[in-house]
Structure formats: C-alpha cells, structure tokens
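Here the structure is laid out as structure tokens; the discussion comes afterwards.
Taken together, the values in this text are just the output of simple stated rules run on the coordinates, not laboratory data. Just so you know, these numbers come straight off a predicted model, no measurement behind them. Quick reminder, even Gly has a Cβ in these numbers, built from the backbone with ideal geometry, and neighbours come from all protein chains shown.
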Amino acid sequence: MNPKLQFKIKAKLDKIHEGTADIYDEVFYKNLSIVMNALDNVQARLYLDKQCVQARIPMIDSGTLGPKGHI
C-alpha cells in the first residue's frame with residue numbers, strides 16, 4: 001500500500017448492524033472520507049451501504065456482492 005497511509009488506516013472489528021449504531025453513529029460516518037470493506041454477509045453490506053449513502057461518503061466494497069462502489 002501507499003507508505004504515506006501508514007498509521008492512518010484504522011481497522012474496525014465490531015459487527016456492522018443496527019445494534020452497533022452507538023459505535024458507528026452518524027458522527028462516525030461523517031468523519032470518514034471513504035469506506036472500504038470486505039464484509040462476509042449481505043445484510044451487513046447493505047446496512048453499511050445505506051449508512052454511507054446517508055452520510056454522503058464514497059464506499060468501495062469487495063466482499064459479498066463482488067466488486068462494487070458508489071460515489
């Protein structure tokens with residue numbers, strides 16, 4: 001990867017769903033410039049997609065539904 005990104009990427013290990021909305025709230029998403037994921041289930045992918053659309057941030061997905069993205 002780009003060496004300029006060292007120590008700037010933070011992996012999150014909590015599950016993505018409505019039950020973790022206190023962790024991944026609106027403020028969390030709005031502070032991001034891009035979301036990249038490789039989720040292992042469709043429900044989580046669709047939920048994350050919805051959150052990114054609402055926060056108006058780009059998402060790149062390479063998991064359950066194949067390579068997709070939106071801006």
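Details
- Judged by the gyration tensor of its Cα atoms, with axes a ≥ b ≥ c, the range 13-70 is oblate; a/c meets the 1.5 cut and b/c is at least as large as a/b.
- Placed amide H near I60: partners under 5 Å, 5+ positions off or other chain: V35, M36, N37
- Order by protection proxy (mean Cβ within 10 Å, highest first), peptides 43-49, 28-34: 43-49, 28-34
- Charge dipole magnitude, Cβ of K and R +1, D and E -1 - the chain, Cα centre, debye nearest 20: 340
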